[in-house]
Amino acid sequence: MAKGYWITTYRQVRDPEALAAYAKLAVPALLAAGGRVLVRGMPAKVYESGVEQRVVVLEFDSVAQAVAAHDSADYQQALRALGDTAVRDMRIVPGVG
C-alpha cells in the first residue's frame with residue numbers, strides 16, 4: 001500500500017497569531033493520527049515558477065490514514081482556530097512505490 005503525503009503551501013497568512021494557535025492544535029492531532037512531519041518552513045531556494053511561501057509535508061502510512069487525520073475531530077478543531085486567516089493550498093497524494 002502506498003504511503004499518503006499531505007502537502008500544504010501557504011499563499012498568504014493574514015494573522016500569524018492565529019497560525020500559531022492552529023499549529024499548537026494541528027501538530028499534536030496529526031502526530032496522534034500517525035502523521036510524520038517531513039517538511040515545515042520556508043523554501044531554501046525557489047526555481048522556475050516557484051513562489052517563496054511556507055510549505056508543510058507530512059507522511060502517513062496510507063492515503064486513507066491521511067484523509068482520516070484531516071477529517072478527525074481534533075484536526076477540525078485546529079482548522080476552526082485558523083479560520084479564514086490564511087490562504088492555503090492543501091492536498092493529499094499517494095506515494096510512489
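Structure notes:
- Karplus-derived 3J(HN,Hα), 6.51/-1.76/1.60, for each residue of segment 65-76, Hz, glycine and proline x: 5, 5, 5, 4, 5, 4, 7, 5, 4, 5, 6, 4
- When trypsin sites (Lys or Arg not before Pro) are flagged only if DSSP places them in a loop and at most 13 other Cβ atoms lie within 10 Å, the longest unflagged stretch of the chain comes out as 46-97.
- Fully extending the segment from Arg80 to Val27, taken as 0.36 nm per residue of separation minus the present Cα-Cα distance, adds 17.7 nm.
- Entry comment: accessible area of the chain is 62 Å² per residue, from protein heavy atoms only and a probe of 1.4 Å.
- Measuring between their Cα centroids, segment 55-70 and segment 1-50 lie 11 Å from each other.
- Reported label for calculated volume of the Cα convex hull per residue in Å³ given (i) 112; (ii) 86; (iii) 97: (iii)
- Between Gly35, Gly50, Gly83, the GNM of the chain built on Cα springs shorter than 10 angstrom shows Gly50 fluctuating the most.
- Sequence-ordered 3J(HN,Hα) estimates for segment 39-45 from the Karplus curve with 6.51, -1.76 and 1.60 and θ = phi - 60° stand at 9, 7, x, 8, x, 6, 7 Hz, glycine and proline given as x.
- Zone residues, segment 12-38, relative to Val87, backbone N less than 20 Å from point 7 Å out along Cα-to-Cβ: 12-20
The values are calculated or read from the model by the stated rules, or taken from the named source; none is laboratory data. Predicted, not measured: the structure shown is a model, and the values here were computed from it. All Cβ positions, even for glycine, are placed from backbone atoms using ideal geometry, and neighbour counts span all protein chains on display. Each accessible area value is taken on the protein alone, full model and side chains, heavy atoms only, with ligands, DNA and RNA left out. Shrake-Rupley method; radii C 1.70, N 1.55, O 1.52, S 1.80 Å.
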